[in-house]
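Undergrad: My structure is below; once you've seen it, I'll send some questions.
The values are calculated or read from the model by the stated rules, or taken from the named source; none is laboratory data. Everything numeric in this text was worked out from a predicted model, so none of it was measured. Every residue, glycine among them, receives a Cβ derived from its backbone with ideal geometry; neighbour counts consider all protein chains shown. When the accessible area is computed, the model is the full protein with side chains, heavy atoms only, and any ligands, DNA or RNA have been set aside. Shrake-Rupley method; radii C 1.70, N 1.55, O 1.52, S 1.80 Å.
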Amino acid sequence: KDYGQAYEAARGFGWVAPGTTTPRSLVGLGRDRMDANSNQLLDTFMHMQASPAGDWQVSVPSGSYDVTVAVGDAGNAVNSTHAVRAESTVVIPPFTPTAANKFRTETARVDVTDGFLTLSATGGTNTKIDYVDIDRITTSGPAPSDTWNPKVELTTSGPGTAPNYSGPVGVVAD
């Protein structure tokens, strides 16, 4: 869904100049390695630190989120030290891939206070981001009580006796 478009409020996500909220296009800095043996999510990536470099930003309500980030390159390039922060939280600590270990996927709990979750490649070199998954955490107050306790009773009928019917069985919810 994202191929490097600059941040747009109407879309709610996109790329910005590092450390700012200034929209910046990174179109053309993505890659699809077309590796038939690879997960498509890991087969594609965006260069976060090419020229121009960029942070990725998404508009979200303020709150806590579990942010999962994957980095790496399905090709033979192991010329990076990948690192990703979400807000000020390290999600991917500096990771240098090898031919045998090309990817790293990590999850971190992140607090958003300004309505924007921003991912940056601070601490990395030639960071290649594969995908991000963002799950909102709802922890305020006690868990909601179950006020609807459904009870369903089924009645069966057919030739023979339950449970060994000898033909078609009818089922009715009471």
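Undergrad: I'd like to know if the range 18-25 contains one or more residues that are assigned to a loop (DSSP other than H, G, I, E, B) and buried (at least 16 other Cβ atoms within 10 Å of the Cβ).
TA: Within the range 18-25, one or more residues are assigned to a loop (DSSP other than H, G, I, E, B) and buried (at least 16 other Cβ atoms within 10 Å of the Cβ).
Undergrad: Keeping to the range 30-44, report how many residues are farther than 17 Å from Gly4 by Cα and either at pLDDT 90 or above or small (Gly, Ala, Ser) (or both).
TA: Result for the range 30-44: 2.
Undergrad: Right, another one. Enumerate the strands (runs of 3 or more DSSP E) found wholly within the range 83-161, keeping only those where 2 or more residues are open to solvent by less than 40 Å² (accessible area, probe 1.4 Å) and at pLDDT 95 or above.
TA: The qualifying strands (runs of 3 or more DSSP E) are 89-95, 103-112, 116-120, 128-137.
Undergrad: On the basis of being surrounded by fewer than 16 Cβ atoms within 10 Å (Cβ to Cβ), of a type in the set (D, E, K, R) and either at positive phi or not in a strand (DSSP E or B) (or both), does Asp2 make the cut?
TA: no
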